[in-house]
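What follows is a set of notes on a single structure, which appears directly below.
The values are calculated or read from the model by the stated rules, or taken from the named source; none is laboratory data. Given the structure is predicted, the values throughout are model-derived calculations rather than measurements. Quick reminder, even Gly has a Cβ in these numbers, built from the backbone with ideal geometry, and neighbours come from all protein chains shown.
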Amino acid sequence: MDRSKILEVIRQYDRNSITIATLGSHSALNILRGAKDEGFKTICLCREKERIIYESFGVADEILGLRDYPDLLKKSMQEELVEKNAILIPHGSFNAYIGNLDELIVPVFGNRMLMAWEVDREKQRKWLLDAGLTLPKTFERPEDIDGLAIVKYPGAKGGMGYFLASNSGEFYEKAKQMVENGLIGAEEIENAHIQEYIVGANVYFSFFYSPMLGRVELIAVDRRYEASVDGLGRIPAEQQLKVDIMPTYTVIGNFPVVLRESLLAQAIKAARSVVDVSKQIAHPGMVGPFCLEAVFDENARMVVFEISARIVAGSNVGIPASPYSYVLFGEPMYMGRRIAREIRIASEKDMLEEVVY
Ligand code: AMP
Ligand code: AMP
């Protein structure tokens, strides 16, 4: 979708009556609570089976039912959202369940071109390398695997069906098992991304780039709670060997993390340089939330294995504030609220065009 068309839509909006809307899943509670804290009206677009969540928390002024997420793209739905001066806040479910936002005329907070860079592993890798970050090696083909590797798939799959392999034989054997267990489809194995497995401590940084204030902010830090890999330590080695458990990385939740302070320098430099490169690859560059997923190895060296160019669910650990957002703002601040704050500032300055795409 041509950016000029979206900007045309936002120019017609009544700035004093903006509604913040999102799909009901992933980080919607975070986004909707944040919007309310900043004084916006809110809409949650959700499926019947998740309605109970959004009814229970009372942060959606209006709940619009969807048969399935792609219904968001229906003409009537989009017209209703535009009518209500809605700005959509994208999250992982936009990538995972809708994908192509080309037909979406409703303004989206952030830069949807960068979300396309995120889902394309090759592009994503180029972006991070251009930013000068240290990345895990990638193996082009299973035959190239020459050490412990992790097998991943395109899009926001939340770790579902990922597995480890040390050589091509193990790759094919485990891939077959994964397909048989219904964790992943055969075509996904074809498009798998094989990456060097970094042993260390996983840390996920939720940053925010503010075009209004011209700065990169660290809003929250988390790590994931993954099934079954995080459960393996609870079983004695003897049983682990006997039942031949294959660890999987399905995300179940997140924990907050506070980093050893000296390590923040690496993370902040990485975030700034990712933002600099974003301006070269997709005009107008980064707007709003993004996440760097990293492993710190035994030398406390930061290896970045993934970027998300939107809010990540890990930022949910930072409601109502993380240590970092509190230090920065001196008031409760979390990603959903930070997004709404940026929209508020942009709207007051009559600069909404700068923060949507
Ligand atoms: P769900 O609505 O729970 O199916 O989540 C929507 C998408 O976001 C799926 O692709 C999930 O894998 C992903 N997702 C949800 N929660 C998290 C999380 N806490 N961390 C990482 N990814 C997540
Ligand atoms: P992702 O979908 O890339 O966010 O990865 C999901 C999970 O897989 C992460 O939370 C890690 O536990 C694990 N993981 C992914 N890539 C790597 C890597 N290169 N080295 C170590 N662990 C990884």
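Remarks
- Scope the range 171-224; condition away from ligand 2 (no atom under 16 Å from the Cβ), outside the structural domain of GLU293 (by TED's automatic domain parsing) and among the hydrophobic types (A, V, I, L, M, F, W, C); matching residues: ALA175, VAL179, ALA186
- GLU143 not in a loop (DSSP other than H, G, I, E, B), not basic (Lys, Arg) and not assigned by TED's automatic domain parsing to the domain that holds MET212: yes
Residue by residue, here is whether (1) of a type in the set (Ser, Thr, Tyr); (2) without any contact (Cβ under 8 Å) to a residue 12 or more places away in the chain; (3) closer than 30 Å to PRO332 by Cβ holds:
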| position | (1), (2), (3) |
| --- | --- |
| GLY169 | no, yes, no |
| GLN177 | no, no, no |
| ALA192 | no, no, no |
| VAL203 | no, no, yes |
| PHE208 | no, no, yes |
| LEU218 | no, no, yes |
| TYR225 | yes, no, yes |
| VAL229 | no, no, no |
| PRO247 | no, no, no |
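- Matching residues, the range 293-337, being part of a loop (DSSP other than H, G, I, E, B) and surrounded by fewer than 24 Cβ atoms within 10 Å (Cβ to Cβ): ASP297, GLU298, ASN299, ALA300, ARG301, ILE319, PRO320, ALA321, GLY330, GLU331, PRO332
- In the set (1) touching a residue at least 60 places away in the same chain (Cβ under 8 Å); (2) assigned to a loop (DSSP other than H, G, I, E, B); (3) within 16 Å of ligand 1 (Cβ to nearest atom), GLU118 fails one condition alone, (2).
- Check on GLU103, charged (D, E, K, R), in contact (Cβ under 8 Å) with a residue 60 or more places away in the chain, in contact with a helix residue (DSSP H, G or I) (Cβ under 8 Å, 6 or more places away or on another chain) and over 25 Å from PRO211 (Cβ atoms): yes
- Residue in the range 23-35 that is more than 17 Å from ILE343 (Cα to Cα), surrounded by 15 or more Cβ atoms within 10 Å (Cβ to Cβ) and touching a Leu at 6+ places or on another chain (Cβ under 8 Å) present: yes
- Residue in the range 154-163 that is aromatic (Phe, Trp, Tyr) and over 19 Å from ARG121 (Cα atoms) present: no
- Every residue from the range 135-178 that is under 20 Å from the mean Cα position of the chain (by Cα) and away from ligand 1 (no atom under 16 Å from the Cβ): LEU135, PRO136, VAL151
One line per residue, one yes/no per condition, for (1) within 14 Å of ligand 1 (Cβ to nearest atom); (2) under 13 Å from PHE207 (Cβ atoms):
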{"position": "ILE268", "(1), (2)": "no, yes"}
{"position": "PRO289", "(1), (2)": "yes, yes"}
{"position": "ALA294", "(1), (2)": "no, yes"}
{"position": "GLU298", "(1), (2)": "no, no"}
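- Only a single item in (1) in contact with a helix residue (DSSP H, G or I) (Cβ under 9 Å, 6 or more places away or on another chain); (2) among the aliphatic types (A, V, I, L, M); (3) more than 19 Å from ALA96 (Cβ to Cβ) is not met by LEU72, and it is number (3).
- The set of residues in the range 110-123 being in contact with a strand residue (DSSP E or B) (Cβ under 8 Å, 6 or more places away or on another chain) and surrounded by fewer than 20 Cβ atoms within 10 Å (Cβ to Cβ) consists of ARG121 alone.
- Residue check for ALA271: assigned to a helix (DSSP H, G or I), surrounded by fewer than 14 Cβ atoms within 10 Å (Cβ to Cβ) and modelled with pLDDT of 95 or more: no
- Number of the condition not met by PHE255 [criteria: (1) in contact (Cβ under 8 Å) with a residue 24 or more places away in the chain; (2) farther than 27 Å from SER27 by Cβ]: (2)
- Lone unmet requirement of (1) more than 15 Å from PRO107 (Cα to Cα); (2) part of a helix (DSSP H, G or I) for GLY39: (2)
- Count - residues of the range 130-189 that are among the aliphatic types (A, V, I, L, M), exposed (fewer than 15 other Cβ atoms within 10 Å of the Cβ) and under 29 Å from PHE94 (Cα atoms): 1
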